[in-house]
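Structure first, then comments.
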Amino acid sequence: MAFLGRAARRLAAAVRPPSSASARIVARSYSSEHTKEKNVPYEKTLKQDGGSSGPTKPLPRAADVVVIGGGSLGCQTVYHLAKMGLTNVVLLERDRLTAGTTWHTAGLLWQLRPSDVEVELLAHTRNVVSKDLEEETGLHTGWIQNGGLFIASNKQRLDEYKRLMSLGKVYGIESHVLSPAETKDLYPLMNVDDLYGTLYVPKDGTMDPAGTCTTLSRAASARGAKVIENCPVTGVQVRTDDLGVKRVKAVETPHGTIETPCVVNCAGVWAPKLGQMAGVRVPLVAMHHAYVVTERIEGIQNMPNVRDHDASVYLRLQGDALSVGGYEQNPIFWDEVSDKFAFSLFDLDWDVFMQHIEGAVNRVPVLEQTGIKSTVCGPESFTADHKPLMGEAPEVRGFFLGCGFNSAGMMLGGGCGRELAHWIIHGRPEKDMYGYDIRRFHNSLTDNQRWIRERSHESYAKNYSVVFPFDEPLASRNMRRDPFHQVLTDQGCVFQERHGWERPGWFHKDGAAPVKDYDYYGAYETKKHVNYKYNELLGREYTFDFPPHHDVIKSECLSCRHGVAVFDMSYFGKFYLTGPDARKAADWLFTADVNKKPGSTVYTCMLNKSGGAEADLTVSRLEPGAADLPLAPPSDGDAYYLAIGGGVAEHNWNHIRTVLQDQGFRCRLADHSEDMGMISIQGPKSREVLQEVLDTDLSNEAFPFSTHKVVQAAGHQVRAMRLSFVGELGWELHIPKNSCLPVYRAVMAAGAKHGIIDSGYRAIDSLSIEKGYRHWHADLRPDDTPLEAGLGFTCKLKSSIPFQGRDRLEKQKQDGLKRRIVCFTIDEKVPMFGLEAIFRNGVPVGHLRRADYGFFIDKTIGYGYIRNPEGGVVSAEFIKSGEFSLERMGVTYKAKAHLKTPFDPENKRVKGRSTISADTV
């Protein structure tokens, strides 16, 4: 028997395999042969020796939905489909339920996460496993509520936990910040000498995979679903319909074919192979993920589970023992995924795993002399951003993903299974699932193996890192660069990554800080970068206080407010909608009336069938005429130019395409995002600067707000739009790629005498929230309607023109708003970032979605949706009559609620009527 401490180190020296050098991209993958038998720490698994070689039930000829994969997600999805009334559903598992990765999971459930949506998903999982299933079936799932304890060894980590605690108050989740002494009282075996504090959540717990999945399958079967084991899938048939759209047709197995319009890929690490059968890309990688189970520990019984994030280790209560695991810097990739791998494990690579031992022994010293009962090292699937892959695949209609859960499939399974079922039945999930939607990734990335591997490694290695507001990845950067990239790099631009694009974040005053190739943090014998300025600048960002360059962002913002600034927005999506039915499509797609005269530009939303905002964008109606790409598309009818935030361009593209297909509109949607750059010149002096560059009259009368023209800029043809996303007089220039740099240089030369500067998206974030403009997926999400978001002016409800979601908005308008967005300011100069709790008269009524510092009004500003705790309408009077406060890290600040933006509410500056005055709070 080995001991977890010193003896384990001796064991490691004896059993570790010889290390092998690896290429920079191809990581080590030794020990990839799986062992056939290992002990796992559960009383029961669903493995059956000598079981039947054929399917456990006859295959039906057809099904409404076929779920593939009998792990946590597969079982939860089929259960929720059946519970929502879809009974002609089949689950196919190639071996036995849980045979892939679910059977050996640690099964932890923590209720608090730095995401409101995830908190809600976890709450549903907990309800299903701890209550609902037992009430439905009379069976116990194996849920154990022993609590959870997060360890903080420094102030920043405790600050992160306090942020979680504040968010938890909105959702009624009990949590307590404990001192080291209080932690010792709760967990006597813990070493608290190096603790800063802890966060204790009494109702966290652990789940049993076999008990949970068995109960789920029985509950689903009782409602009419068919759960068929020992039935591998060998193919997915796809047909092309009359409009050229690929759709799922059938699922093939060795035992027969099931006709179906819908397949759900819940195959875990095997999901990419299943995707290939249908021509669907599934961007995940398989890695070894391990834990060890100790011998009995006296006094450990009934202790909470522990996450020591700074040591990158977790300690899960296992009866009278502990499971010890974590996330290492050098995980082993499983490059050759075996189809025959079932109820199997790898040999544990102690050379990789040993980095967790020191942290575990430090936290619970008795482990030094505790024996190891078993080792568990199995495959898990990991993704580029450590979030699951869900939703309908862009390549094939009817092919849904429910995979890539980054070792959190049990924990997120209930909530995600319900959302996936709703997605399949109703065409969209109930919650805002954009962060999990496969469409969050640009199509150029999802089959790029370098991007998938590097990003997945970094996300794995950083899984236990503090979640700071302005984190940026180091892996797989410079995938998409616009024509201004090098010029801006030379000027000290600190870039952010969005959708593969490098976009300007802010400008460093002390020289260039280029992004380098990924160094795997020094793992896999890769040489770690030294004197890496970009990484050093990011490191200074990692704070819950104002960052050191707060004054730099302030300077960029105030230069825009008082003078003129240039923003490179080239990463925006730039689409053309043309064709015989383009006008019908535009009427149906967009909430606003975009069919004004050619030359108009309209800010609008696009909705889902439930009235939720799938996008906000500008739509410009084009003059009919000959094609002159990229500024004017070929068209046999009406034509529209769509400009969309680059980070969500793929989501928007797929939303539009899906609506066009579902409605049968004869349209062409063309993507010219890579063919054009885009700079936005904003500020009270922007007209003076651009009048020297553009060959057209820029007066209010000749070039009104919300219009566009094709003009000459320094001898180059560009599309100029009078728009603003910062609340100032300004224009956007949409420029053919080869003309970008000459036009940019002409603008900068003309602006030199006016003090023109380059500015980045950190300034845009501040300026836009100060003005009250919405950011999609922050202030505006698919579960928010335009009426709730204060964007009713974008909706053509006074017309008779139908549009998608209109019926829901009309009903909501008639019934009154039960939630709405509100602007808040505080007088204290403290930073807020979103997720802070909102209290009205001492009662939690919501949380901030987004917050930033407004430098012109010199206050912290936050926007959040509030509800009436009594369930009534949230009226203007309800807001005016309340006393509001915001809680930041456990500290409450008195807040002022605003029904209008505190900055220039009458839009005088945008419309060129005033360049000096602005309302203040």
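The values are calculated or read from the model by the stated rules, or taken from the named source; none is laboratory data. Just so it is clear, the structure is predicted and the values come from calculations on it, not from any experiment. FYI the Cβ positions are ideal-geometry reconstructions off the backbone, even for glycines, and counts take in every protein chain you see. Ligands, DNA and RNA are excluded from the accessible area calculation, which covers all protein heavy atoms including side chains. Shrake-Rupley method; radii C 1.70, N 1.55, O 1.52, S 1.80 Å.
General observations
- Residue match in region 368-377 (condition: outside the structural domain of Pro782 (by the TED database), over 30 Å from Met433 (Cβ atoms) and assigned to a helix (DSSP H, G or I)): yes
- Count - residues of region 496-526 that are out of contact with any helix residue (DSSP H, G or I) (no Cβ under 8 Å at 6 or more places or on another chain) and of a type in the set (A, V, I, L, M, F, W, C): 0
- When Arg455 is tested against (1) in contact with a Pro (Cβ under 8 Å, 6 or more places away or on another chain); (2) among the basic types (Lys, Arg); (3) at pLDDT below 95, exactly one condition is not met: (3).
- Condition check for Leu91: in contact (Cβ under 8 Å) with a residue 12 or more places away in the chain, open to solvent by 50 Å² or more (accessible area, probe 1.4 Å) and not in a helix (DSSP H, G or I): no
- Given (1) in contact with a Lys or Arg (Cβ under 9 Å, 6 or more places away or on another chain); (2) modelled with pLDDT under 95, number of the condition Val594 does not satisfy: (2)
- Boolean, Asp471 is out of contact with any Leu (no Cβ under 9 Å at 6 or more places or on another chain) and either under 30 Å from His550 (Cα atoms) or open to solvent by less than 20 Å² (accessible area, probe 1.4 Å) (or both): no
- When every residue of region 743-760 is checked against the conditions, at least one turns out to be within 30 Å of the chain's Cα centre (by Cα) and among the hydroxyl-bearing types (Ser, Thr, Tyr).
- Residue count for region 391-436, restricted to those that are of a type in the set (Lys, Arg) and in a helix (DSSP H, G or I): 1
- Single condition Gln329 does not satisfy, out of (1) surrounded by fewer than 22 Cβ atoms within 10 Å (Cβ to Cβ); (2) under 25 Å from His176 (Cβ atoms); (3) among the polar types (S, T, N, Q): (2)
- Just one of the listed residues (Lys753, Lys709, Lys737) is closer than 22 Å to Ala649 by Cα, among the charged types (D, E, K, R), open to solvent by 10 Å² or more (accessible area, probe 1.4 Å) and modelled with pLDDT of 95 or more, namely Lys737.
- Residues of region 218-246 satisfying the condition of being outside any loop (DSSP other than H, G, I, E, B), of a type outside the set (S, T, N, Q) and buried (at least 16 other Cβ atoms within 10 Å of the Cβ): Arg218, Ala219, Ala220, Lys226, Val227, Ile228, Val236, Val238, Lys246
- The set of residues in region 572-606 that are under 25 Å from the mean Cα position of the chain (by Cα) and closer than 12 Å to Ile656 by Cβ comprises Gly573, Phe575, Leu589, Phe590, Met606.
- Checking Leu698, Leu660 one by one, the residue that is buried (at least 16 other Cβ atoms within 10 Å of the Cβ), in a loop (DSSP other than H, G, I, E, B) and at pLDDT 95 or above is Leu698 and no other.
- Taken as a whole, the structure places Asp339 among residues that are among the charged types (D, E, K, R) and either in a helix (DSSP H, G or I) or in contact with a helix residue (DSSP H, G or I) (Cβ under 9 Å, 6 or more places away or on another chain) (or both).
- For region 653-680, the candidate set comprises residues that are in contact with a Gly (Cβ under 6 Å, 6 or more places away or on another chain) and not hydroxyl-bearing (Ser, Thr, Tyr); within that set, the residue that is farthest from His442 (Cα to Cα) is Arg666.
- Considering residues of region 179-195 that are part of a loop (DSSP other than H, G, I, E, B) and under 15 Å from Val306 (Cα atoms) only, the residue most open to solvent (accessible area, probe 1.4 Å): Pro188
- Selection from region 663-694 of residues that are part of a loop (DSSP other than H, G, I, E, B) and β-branched (Val, Ile, Thr): Val693
- Some residue of region 68-87 being surrounded by fewer than 24 Cβ atoms within 10 Å (Cβ to Cβ) and at pLDDT below 95: yes
- A residue that is aliphatic (A, V, I, L, M), open to solvent by less than 30 Å² (accessible area, probe 1.4 Å) and at pLDDT below 95 occurs nowhere in region 49-65.
- Options Ser221, Ser166; residue that is farther than 16 Å from Val306 by Cβ and touching an Asp or Glu at 6+ places or on another chain (Cβ under 6 Å): Ser166
- Qualifying helices (runs of 4 or more DSSP H) (wholly inside region 516-625; at least 2 residues being hydrophobic (A, V, I, L, M, F, W, C) and open to solvent by 10 Å² or more (accessible area, probe 1.4 Å)): 550-562
- Conditions (1) modelled with pLDDT of 95 or more; (2) over 26 Å from His104 (Cβ atoms); (3) over 32 Å from the mean Cα position of the chain (by Cα): number failed by Ser221: (2)
- Total residues in region 353-372, condition open to solvent by 30 Å² or more (accessible area, probe 1.4 Å) and touching a Ser or Thr at 6+ places or on another chain (Cβ under 8 Å): 1
- Answer from Val263, Val201 - the residue that is touching a residue at least 12 places away in the same chain (Cβ under 8 Å) and outside the structural domain of Glu160 (by the TED database): Val263
- Asp827 vs. criteria more than 22 Å from Glu497 (Cα to Cα), buried (at least 16 other Cβ atoms within 10 Å of the Cβ) and acidic (Asp, Glu): no
- Per-region count, region 275-294, residues surrounded by fewer than 24 Cβ atoms within 10 Å (Cβ to Cβ) and out of contact with any Ser or Thr (no Cβ under 9 Å at 6 or more places or on another chain): 3
- Boolean, Pro272 is modelled with pLDDT of 95 or more, farther than 30 Å from Ile144 by Cβ, part of a loop (DSSP other than H, G, I, E, B) and open to solvent by 10 Å² or more (accessible area, probe 1.4 Å): no
- Just one residue in the set Val361, Val293, Val337 is in contact (Cβ under 8 Å) with a residue 40 or more places away in the chain, farther than 30 Å from Glu229 by Cα and of a type in the set (Val, Ile, Thr); that residue is Val361.
- Residue within region 379-390 that is of a type in the set (Gly, Ala, Ser), assigned to a helix (DSSP H, G or I) and either open to solvent by 10 Å² or more (accessible area, probe 1.4 Å) or modelled with pLDDT of 95 or more (or both) present: no
- Options Lys584, Lys554, Lys596, Lys527: the member that is free of Cβ contacts under 8 Å to residues at least 12 places away in the same chain and out of contact with any Leu (no Cβ under 9 Å at 6 or more places or on another chain): Lys527
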